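The values are calculated or read from the model by the stated rules, or taken from the named source; none is laboratory data. The shown structure was predicted, so the numbers you read here are calculated from the model rather than taken from an experiment. Neighbour counts are summed over all protein chains in view; Cβ atoms, including those assigned to glycine, are modelled from backbone coordinates with ideal geometry.
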Amino acid sequence: MKKGNNIRYKAVAIGVSTGGVAALKQILGALPADFPIPILVTTHITPDSDDGLAVLLDSLCAIRVKEADEQETITPGSTYLAPANYHLMVERGGTLALSIDPPVNFARPSIDVLFESAANVYGPALIGIILTGAGDDGSRGLLKIEKCGGLTVVQDPADAEMDSMPNSALQLLKPEHVVRLKDIPALLMKLVGEIT
């Protein structure tokens, strides 16, 4: 299905692993404070990590960045990061849920868990993005986003610090966009209608 300006996107879900800090700095740092939809992020972090990444990104970005809280209401213009050792999920009704269910793809938080729950809630109004990383977490979740009618984006493997996750996604599906990291902010702005 061809997607274009007739779809009003309601959320962005991003999955990233190795190289994620630099990638998130580049994407989130280029977005304006009034970016009109929420961004949900799962990045593979060690179980004993604190909220330091969210604090760092919030200090560097115009857009608000925070660690997700249980039962938190999702608000436009905010970025929510999965906390260490918790799966991040979207619930119907526009709230976030955290889970200590077993790891998926050897990861907790798992990108697949976020993507699949977000696809179930947002359907065709979701943008899913796979960035740099090792392993294959996120591939099945991105396929779920595609099957639910959402728009899929994969970082060009040649541009990724670690190309395993982008390559794995490309083996499972044909995303609408395969782009370099530096081009993702402009793509997001175009998709949400901020620029033409």
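Answer yes or no as to whether Gly123 is modelled with pLDDT of 95 or more, in contact with a helix residue (DSSP H, G or I) (Cβ under 6 Å, 6 or more places away or on another chain) and small (Gly, Ala, Ser).
No, not satisfied.
What strands (runs of 3 or more DSSP E) lie completely within region 1-118 and have 1 or more residues being of a type in the set (Phe, Trp, Tyr) and touching a helix residue (DSSP H, G or I) at 6+ places or on another chain (Cβ under 9 Å)?
So the answer is 78-81.
Six or more apart or on different chains, Cβ under 7 Å: which pairs go from a residue in region 125-141 that's in a helix (DSSP H, G or I) to one that's of a type in the set (D, E, K, R)? Could you list them?
Filtered contacts from region 125-141: Ala125/Arg8; Ala125/Lys10; Arg140/Asp112; Gly141/Asp112; Gly141/Glu116.
Name every residue in region 83-112 that is more than 19 Å from Thr18 (Cβ to Cβ), of a type in the set (Val, Ile, Thr) and buried (at least 22 other Cβ atoms within 10 Å of the Cβ), in order of residue number.
If the condition is that a residue be more than 19 Å from Thr18 (Cβ to Cβ), of a type in the set (Val, Ile, Thr) and buried (at least 22 other Cβ atoms within 10 Å of the Cβ), then Val90 is the only one that fits.
Looking at (1) modelled with pLDDT of 95 or more; (2) surrounded by 14 or more Cβ atoms within 10 Å (Cβ to Cβ); (3) within 21 Å of Ala119 (Cα to Cα), which one does Gly77 not meet, given that it meets all the others?
(1)
Can you report the number of residues in region 47-68 which are out of contact with any strand residue (DSSP E or B) (no Cβ under 7 Å at 6 or more places or on another chain) and surrounded by fewer than 20 Cβ atoms within 10 Å (Cβ to Cβ)?
Of the residues in that region, 10 qualify.
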